[in-house]
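Report on the structure given below.
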Amino acid sequence: MKVTIVGAGNVGASCADAISYRQIASEVVLLDIKEGFAEGKAMDIMQCATNTGFNTRVSGVTNDYSKTADSDVVVITSGIPRKPGMTREELIGINAGIVKTVVENVLKFSPNTIVVVVSNPMDTMTYLALKATGLPKNRIIGMGGALDSSRFKFYLSQALNIPSNEISAMVIGGHGDTTMIPLTRLASYNGIPVSEFLSQEELDKVAAATMVGGATLTGLLGTSAWYAPGASVAYLVDSILNNQRKMIACSVLLEGEYVQNDICIGVPCIIGKNGIEEILEIKLNDAEKALFAKSADAVRNMNADLKLVLA
């Protein structure tokens, strides 16, 4: 199995490292526009193989999409972060142009690939990739929910003082500080609702911390996080390549599900060899339905700034 990662920055390199270390694919290609950058990252990762024992072949390439041919999965991390004085519309315009160019180029050499979008704003970039290519919706997946859910489990584990891998919890909605919805009502610890152990006030604090989880790390690091995003991509790619059919919150095109249409937003999905195998429409209560509708409105408003790119 072959995976291409476009964008060899911190997130892209962490994706390549996690996929190779876990031997999810036999080949990983890192591609970047900066001369020698992807090559250097790939060489650094490959020099870990002797001591960590993986057999995945990692290579780097500068802007030569022919080297990505026949990729089973393509992960798009490329784009720029928002800079001081930059409007949301400017950021979307720049990143949309980058993502559109990338997805068109990878499809020239890997027409049957499944595309995983990481670039921000993630839900909008997922929608762009879908509309720009005309691919069936099962082959365009936004990764954000997997990352948000892992952060949710982390904060729950901290509050409960237990291992996070014993927690089942999910975040749906948009991948943004004000649009994501941590489903505290459905979170459980070994099958027991976490509400049996935490008060509503404590659960509200966990949800609030989850929603600003990315911003918290940016404030501490001075840049976006990369280890958890890389691990989240690897988790998603593993479910695709090995047909594990895991239930993962992903941004996917909705066509009537959750009373929404023509929007990519995070919902529970079964992920397997065909990408999105199934969208699961879980029963939300009235408060959760209202939050989801509000989140969808915010994502839809952001999508409106794609008009010029998609024209």
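The values are calculated or read from the model by the stated rules, or taken from the named source; none is laboratory data. Please read these numbers as outputs of a predicted model, since none were measured by experiment. Glycine also receives a Cβ, built like all others from the backbone with ideal geometry; neighbour counts cover every protein chain displayed. Calculation scope for accessible area: heavy atoms of the full protein, side chains included, ligands and nucleic acids excluded. Shrake-Rupley method; radii C 1.70, N 1.55, O 1.52, S 1.80 Å.
Every test in (1) under 25 Å from Ala25 (Cβ atoms); (2) open to solvent by 30 Å² or more (accessible area, probe 1.4 Å); (3) at pLDDT 95 or above is passed by Asn165 save one, and that test is (3).
Taking the criterion of being in contact with a strand residue (DSSP E or B) (Cβ under 7 Å, 6 or more places away or on another chain) and among the aliphatic types (A, V, I, L, M), the residues of segment 14-32 that qualify are Ala16, Ile19, Ala25, Val28, Val29, Leu30, Leu31. Close Cβ contacts (under 8 Å, 6 or more residues apart or on different chains) running from residues in segment 277-306 that are under 16 Å from Met180 (Cα atoms) to residues that are surrounded by 13 or more Cβ atoms within 10 Å (Cβ to Cβ) and among the acidic types (Asp, Glu) comprise Val299/Asp123; Met302/Asp123. Ile181 meets each of the listed conditions (1) touching a Leu at 6+ places or on another chain (Cβ under 6 Å); (2) part of a helix (DSSP H, G or I) apart from (2).
Only helices (runs of 4 or more DSSP H) whose full extent lies in segment 1-112 are considered here, and the ones with at least 1 residues that are surrounded by 19 or more Cβ atoms within 10 Å (Cβ to Cβ) are 10-21, 37-46, 88-109.
Hey, among the residues in segment 113-144 that are in contact (Cβ under 8 Å) with a residue 40 or more places away in the chain and in a loop (DSSP other than H, G, I, E, B), which one's most open to solvent (accessible area, probe 1.4 Å)?
Only one residue fits best here, namely Asn120.
Give me the residue from segment 182-210 that is in contact (Cβ under 8 Å) with a residue 24 or more places away in the chain and among the hydroxyl-bearing types (Ser, Thr, Tyr) and, out of that set, farthest from Ser149 (Cα to Cα). Filtering segment 182-210 for residues that are in contact (Cβ under 8 Å) with a residue 24 or more places away in the chain and among the hydroxyl-bearing types (Ser, Thr, Tyr), the one farthest from Ser149 (Cα to Cα) comes out as Tyr189.
Screening segment 217-243 for residues that are of a type outside the set (A, V, I, L, M) and more than 19 Å from Ser119 (Cα to Cα) and picking the one that is farthest from the chain's Cα centre (by Cα) gives Gly219.
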